[in-house]
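Participant: Okay, handing you the structure first.
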There are 2 protein chains.
Amino acid sequence: MPVYKAPLRDMKFLINEVFDYPGHYQTLACGENATPDIVEAILNECGRFSEEVLSPLYQSGDQEGCRLENSEVTTPKGFKDAYDQYVMGGWQGLSAPEEYGGQGLPASMGLFKQEMMGTANWSFSMYPGLSIGAMNTIVLHGTEDQKQTYLVPLTEGRWGGTMCLTEPQCGTDLGQVKTKADPQADGSYALTGTKIFISSGDHDLTENIVHIVLARLPDAPKGTKGISLFIVPKFLPGADGGVGERNAVNCGALEKKMGIKASATCVMNFDGATGYLIGPENEGLECMFTFMNTARIGTAIQGVGPAELSYQWALAYAKERRSMRALSGKKEPGQVADSLIHHADVRRMLLTQKAIAEGGRAMLYYACKLADHMVEGYNEGDSEKIEKYDDKLGFLTPILKGFLTELGNEAANLGVQVFGGHGYIREHGMEQIVRDTRIATLYEGTTGIQALDLLGRKVLLMTQGGAVREFTFTIANFARKHLTSKSLRSLAIELLKLSAQWNLLTVRIMLAARKDRDVVSAAAHDFLMYSGYVTMAYMWLRQAAVAQDNLKNGGDESTAFYQTKLATAEFYYERLLPRAQSHATSMLSPTRNLMQITPDDMAFTG
Amino acid sequence: MPVYKAPLRDMKFLINEVFDYPGHYQTLACGENATPDIVEAILNECGRFSEEVLSPLYQSGDQEGCRLENSEVTTPKGFKDAYDQYVMGGWQGLSAPEEYGGQGLPASMGLFKQEMMGTANWSFSMYPGLSIGAMNTIVLHGTEDQKQTYLVPLTEGRWGGTMCLTEPQCGTDLGQVKTKADPQADGSYALTGTKIFISSGDHDLTENIVHIVLARLPDAPKGTKGISLFIVPKFLPGADGGVGERNAVNCGALEKKMGIKASATCVMNFDGATGYLIGPENEGLECMFTFMNTARIGTAIQGVGPAELSYQWALAYAKERRSMRALSGKKEPGQVADSLIHHADVRRMLLTQKAIAEGGRAMLYYACKLADHMVEGYNEGDSEKIEKYDDKLGFLTPILKGFLTELGNEAANLGVQVFGGHGYIREHGMEQIVRDTRIATLYEGTTGIQALDLLGRKVLLMTQGGAVREFTFTIANFARKHLTSKSLRSLAIELLKLSAQWNLLTVRIMLAARKDRDVVSAAAHDFLMYSGYVTMAYMWLRQAAVAQDNLKNGGDESTAFYQTKLATAEFYYERLLPRAQSHATSMLSPTRNLMQITPDDMAFTG
């Protein structure tokens, strides 16, 4: 059975060498505990936990899945024990505020943790992951009493959390939410309605589950401006931080899904369940989305993780399995055939996975620094800082979430392809990565929604192209520094051209959209993908530049590592980046080709 | 539960209007029975059977899967009954020779049939599909006695067939085959070995199963030149065409797969099983591959079918599900939100599926005419005709199989994407299409193998670029005819440019490959995809030209159909075809970016 190896060498390269996290942490108020020694120790320990505790449950969790009996969900064998170890290790409170029991480390460290745990076992990581969503909401919008009651046990990991948004009739379009919250005499609310697709809606890992629920007060305005946010615990809080009476919220069914089968996806029925308002009335959506940009980095990890995992296993197979001879001549003449790794086409697939995993990781870690600053802004109540970093992060998150999850799917499928027919067989684990990863472009806003958020909202509506101008200014400045470097020149020139093109495309779409509003929706997907390829190109030049510097300063035991970074950057620029141009062409094509066929004429049967 | 509707309107458009099959059938010796009335009746009846009998078993077959008990495989509920109806309808012998009980209709009709049945239920269609493989082998290489004994019950559908090639240590690289065939005193052979991934290896649909097996005679040369072909029946033939003694071939295990779960994928153990040589000693591979080009068209159908099915269901959902408002203004003001179909980005996904399904179908039907001629060559023993059409078809089949199955996967995934989170849930059937389709790029030669076959063998080795020159000559001539048409001019110009570019790319690769053999493997995938996009562009211009002609000749009830054809062609050229250029750029990039990293340096852990 395959196992996961935490890619600590690459993570530390990005953390210490490319993005200078040690320096970055010194600028953060909460960064004083994040000394290089502590960071190193936490990364190593998290890697070990992911490899030894979570990875072995990856396939068994998929095969066993979750069970629902008498409204109670049971997770697969080994999950409860692994979760207990997770709680004992204090992992849940890593980036949570110290005053509520957390370790108060920077948000970025929580994301490094999530990358390793999520790659080893995405289904498992969703249980604590959803709790983090609930915790963030309470940190920002809860009263002191709510924090003491809910945040403390959530931070310990003793309680779990969920986010209850989707209903049968609406997912993206939350203005259609129907769940009702009726005020009760004691100041609480009685919630009635059905929520679907609730990850971790019920399970046996924690003694209580804290649901954060979108619902409507009586006489609330229609649409998105009439939705409020409520805390609805599975068990009402009892004395001494324990649990009390069972609340009227129940798991009515478990969804049968393509993948992430060890993660319980629940239909949740609220039958007059007791809830407590959190945040202002009718501002539930804003409260829910406060942390959206940080949360979406969390989901973007599901682009990088599967690429890494699938790459590791495909690489091992490609070294071991022998088939045919390399076109350039026998590579292993003593063997019956050459290993797959000697075939250029197999290398094309492996390097695509590698370039996505490492390029995507760099995109994540680049954004995590911004997330640290933004969270600090929240902690300090510094609205200027919040706005500044929320803008920067708000531009990047749809690119990260949308683009990286699309590429994560591609990488996972390439992993299957390297295995040939064996990739289709369950025991090798490769097809499971494809099934698990397929959710990533669907939940937390589909790729289409990310694309619209990027182009329609962040680029056009909010900044009239300014977001692209600002980011490409940064990119172009970086590229210019490397125009005279022999080994980086061609990459730098390409990146410089793309910076200019990205602005030009933005302007052209902006002008076209003034006459034809469909342009935005028509161009959004290609714009998102184009933006992703260019952003990843920037990340590959940054990595290549550090590698080049290190090689110039004389070889050490890392020489091969740096040379491989340069070679992978070259691969990315020469074989993957050309795709940006097909997106550039498509995005400028007229909306007519999408809109002219009437719905009735889309198909002719009979 | 979703159902399949046979796309008869589109099929008949291609058969009657674009490719003039009525005229084509008149040129075939076996075509006299394929009158327009007969063809129409068969298509309609096959559509009805696929919709009413096979489609309802699509999801239940996946959920139930196959069972193995006491070495006997049981297919899912309903499969045996459906298969009996299939036999009663005489479907198995549609294109089989009349002298052995078939209907003697052209091969193309068998492929039209396979498209509908395979789209409605791919797993089901694999049982008779594998039998066709066995039948073709016996038709071409069997003795008269073997034909009477095996071909007749196979043609009736009373017996099933398999192709036993793959072994645990080899799939693509069949030179590594180890299964042994020891000559017996009675002229038969005793076969010993293990075959894996044997589709329909055992099942309860037929009273007997005829395995066509690759094995080695004692003292046979090593590698591919020492492999012979054998008939190994599950039950030895009995008196009066019935079955006799049970043979020593058994299903040892069923593979647990990602999809096509209703198709039994067996590990087959041959324990001194009685077999009979078919074809000359040591020429088993050539015999097995005689019909490869036709067989691969059969697999290419699994690119088109899933695109069609997924499109049908996604389209229905997009018309029904309401979310948000169209950017260009409310489309259904009386409703809580607009249907998905009014969003340009959703249309982009739907039209991509549609363009793949219809463009891919056109590619198939174009190739099927060549297959008809080639089969006629075999029937007449006309080696000149065989060679001529085998060359033409041999060039197209890797493009069809490789490119269309890749795009079929894309289309199936887009279908899930249109459904959003609901696409991930089993009950909607969309994720099953993805799982079922995933096998298509893996079996019958992976995409990588198709790419190498196309570029390395068909284009460079066998014709020194001549295959591309000949095909682009045809394409360019067609494009030139439409340069003066107002509505087709821009498409024709684009196609003309691509014809020239395809040749240029071929020459550049040919020259580069003289110095660096890795070029072929490095460029093969991009060359394959590029070839696919251009071939599909040719097919879209052909469809558009017919549609345009019909519109010029005055409107009838088909006006909307033809207008939609033109609009879809436009969509294809403007939004999908630009991808060809990114493949063109990638394929010319230096092999260095693939080959310079040593196997050891591909990953650094710890």
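Each reported figure results from applying straightforward, stated rules to the coordinates on display, with no laboratory input. All figures in this text were calculated on a predicted structure; none of them were measured in a lab. Glycine also receives a Cβ, built like all others from the backbone with ideal geometry; neighbour counts cover every protein chain displayed.
Participant: Copy-to-copy spacing for A:Lys225, label 7 Å out on the Cα-to-C-beta vector, in nm, shortest first?
Facilitator: 8.3
Participant: Here's something else I'd like to know. May I ask you to derive the FRET efficiency for A:Glu245 and B:Thr559 from their Cβ-Cβ distance with R0 = 56 Å, giving the value to the nearest 0.05?
Facilitator: Between A:Glu245 and B:Thr559 the formula returns 0.25.
Participant: In percent, how large is the relative contact order of chain A, given Cα pairs closer than 8 Å and 6 or more residues apart?
Facilitator: For chain A, the relative contact order is 12 percent.
Participant: Among the trypsin sites (Lys or Arg not before Pro) within the stretch B:432-515, which fall in a DSSP loop and have no more than 14 other Cβ atoms within 10 Å of their own Cβ?
Facilitator: B:Lys481, B:Lys486
Participant: Evaluate Rg over Rh across the protein assembly as shown, taking Cα atoms for both radii and Kirkwood's formula for Rh.
Facilitator: Dividing the radius of gyration by the Kirkwood radius yields 0.97.
Participant: Next question, about the same structure. Please work out the Cα center distance from the stretch B:299-356 to the stretch B:488-521, rounded to the nearest Å.
Facilitator: Computed from Cα coordinates, the inter-centre distance equals 35 Å.
Participant: Next question. Stick to the Cα atoms of chain A, pair each with every other, and give me the Kirkwood hydrodynamic radius in Å at one decimal.
Facilitator: Its Kirkwood hydrodynamic radius stands at 25.3 Å.
Participant: Another question, then. If you take each beta carbon of peptide B:337-346 and count the beta carbons of other chains within 10 angstrom, what is the mean?
Facilitator: The shielding value for this peptide is 6.
Participant: Same structure again: In the stretch A:197-269, if every C-alpha pair distance is counted and binned at 10 Å from zero, what percent goes to each bin?
Facilitator: Histogramming the stretch A:197-269 at 10 Å steps yields 17, 39, 30, 13, 0 percent.
Participant: Let me ask something else. Can you figure out the FRET efficiency of B:Asn16 with B:Met462, using R₀ = 35 Å and their beta-carbon distance, to the nearest 0.05?
Facilitator: That pair, B:Asn16 with B:Met462, gives E of 0.55.
Participant: Could you compute how fast the stretch A:454-591 diffuses translationally, taking Rh as the Kirkwood radius over C-alpha pairs and applying Stokes-Einstein at 25 °C with viscosity 0.890 mPa s? Give it in µm² per second.
Facilitator: It diffuses with D of about 154 µm²/s by this estimate.
Participant: For the stretch B:375-533, what is the Kirkwood estimate of the hydrodynamic radius, computed as the reciprocal of the mean inverse distance between distinct Cα atoms, to one decimal in Å?
Facilitator: Every distinct Cα pair counted, the radius reaches 17.9 Å.
Participant: Evaluate the stretch B:291-445: find the radius of gyration of its Cα atoms, find its Kirkwood radius, and give the ratio Rg to Rh.
Facilitator: That ratio is 1.15, to two decimals.
Participant: With r defined as the distance between the Cβ atoms of B:Arg480 and A:Gln148 and R0 fixed at 56 Å, what FRET efficiency is calculated, to the nearest 0.05?
Facilitator: Rounded to the nearest 0.05, the efficiency is 0.10.
Participant: Cα-Cα over 29 Å: which of A:Lys331/B:Lys178; B:Lys225/B:Lys385; B:Lys195/B:Lys225; A:Lys256/B:Lys113?
Facilitator: Checking Cα-Cα distances, A:Lys256/B:Lys113 exceed 29 Å.
Participant: Here is a further query. For the stretch B:360-436, what is the convex hull (Cα atoms) projected area averaged across all directions, in square nanometres?
Facilitator: 6.1
Participant: Please give me the summed charge of the neighbours of A:Gly298: other residues whose Cβ is under 13 Å from its Cβ, Lys and Arg +1, Asp and Glu -1.
Facilitator: Taking every other residue near A:Gly298 into account, the sum is +1.
Participant: Another question, if that's okay. Inside 10 Å of the C-beta atoms of A:573-580, what's the mean count of C-beta atoms belonging to other chains?
Facilitator: Counting other chains' Cβ atoms within 10 Å and averaging over A:573-580 gives 5.
Participant: Turning to a different aspect of this structure: Suppose you put the label 7 Å out from Cα in the Cβ direction; list, shortest first and in nm with one decimal, how far B:Ala316 is from each other copy's label.
Facilitator: 4.3
Participant: Can I ask one more? Relative to the longest principal Cα axis of chain B, at what angle does helix B:122-141 sit, 0 to 90 degrees, rounded to 10?
Facilitator: 60
Participant: Residues with beta-carbon under 14 Å from that of A:Pro218, excluding A:Pro218: net charge, scoring Lys, Arg +1 and Asp, Glu -1?
Facilitator: Counting the neighbours of A:Pro218, the net charge comes to +1.
Participant: Now for a different question. Can you give me the angle between helix B:559-571 and the longest principal axis of chain B, using Cα atoms only, in degrees from 0 to 90, rounded to the nearest 10?
Facilitator: 90
Participant: Report the net charge of residues surrounding A:Ala318, where surrounding means a beta-carbon distance below 12 angstrom and charges are Lys +1, Arg +1, Asp -1, Glu -1.
Facilitator: +3
Participant: Give the nm distances, rounded to one decimal, from A:Gly272 to the matching residue in every other copy, measuring between label points 7 Å along Cα toward the beta carbon; shortest first.
Facilitator: Taking the point 7 Å beyond Cα along Cα→Cβ, the inter-copy spacings are 7.7 nm.
Participant: Which residue of chain A is nearest the rotation axis onto chain B, counting by its Cβ, and what is the distance in whole Å?
Facilitator: Chain A residue with minimal Cβ-axis distance: A:Ser582, 2.
Participant: Relative to the compact globular guide of 2.2 N^0.38 Å, what is the alpha carbon radius of gyration of the stretch A:305-359, as a ratio?
Facilitator: So the Cα radius of gyration is 1.20 times the expected 2.2 N^0.38 Å.
Participant: Using the Kirkwood radius built from alpha carbon pairs, what does the Stokes-Einstein equation give as D for the stretch A:13-59 at 20 °C and 1.002 mPa s, in µm² per second?
Facilitator: 178
Participant: How far, in nm, would the chain grow between A:Arg67 and A:Leu140 when pulled straight, counting 0.36 nm per residue and subtracting the alpha carbon separation?
Facilitator: So the extension gain works out to 22.9 nm.
Participant: What number results when the radius of gyration of the stretch A:339-401, computed over Cα atoms, is divided by 2.2 N^0.38 Å?
Facilitator: Expressed relative to 2.2 N^0.38 Å, the Cα Rg reads 1.69.
Participant: Separate question: Can you compute the helix-only [θ] at 222 nm over chain B? Use -39500 (n - 2.57) per DSSP H run of at least 4 residues, normalise by all residues, nearest 500 deg cm²/dmol.
Facilitator: The per-residue figure over chain B is -16000 deg cm²/dmol.
Participant: What is the angle, in °, between the Cα long axis of helix B:107-120 and the longest principal axis of the Cα atoms in chain B? Nearest 10 is fine, range 0 to 90.
Facilitator: The helix B:107-120 is inclined about 80 degrees to chain B.
Participant: Something else now. Rounded to two decimals, what is Rg over Rh for the stretch B:8-288 when you use alpha-carbon atoms and the Kirkwood radius?
Facilitator: Across the stretch B:8-288, the Cα-based Rg/Rh ratio is 0.98.
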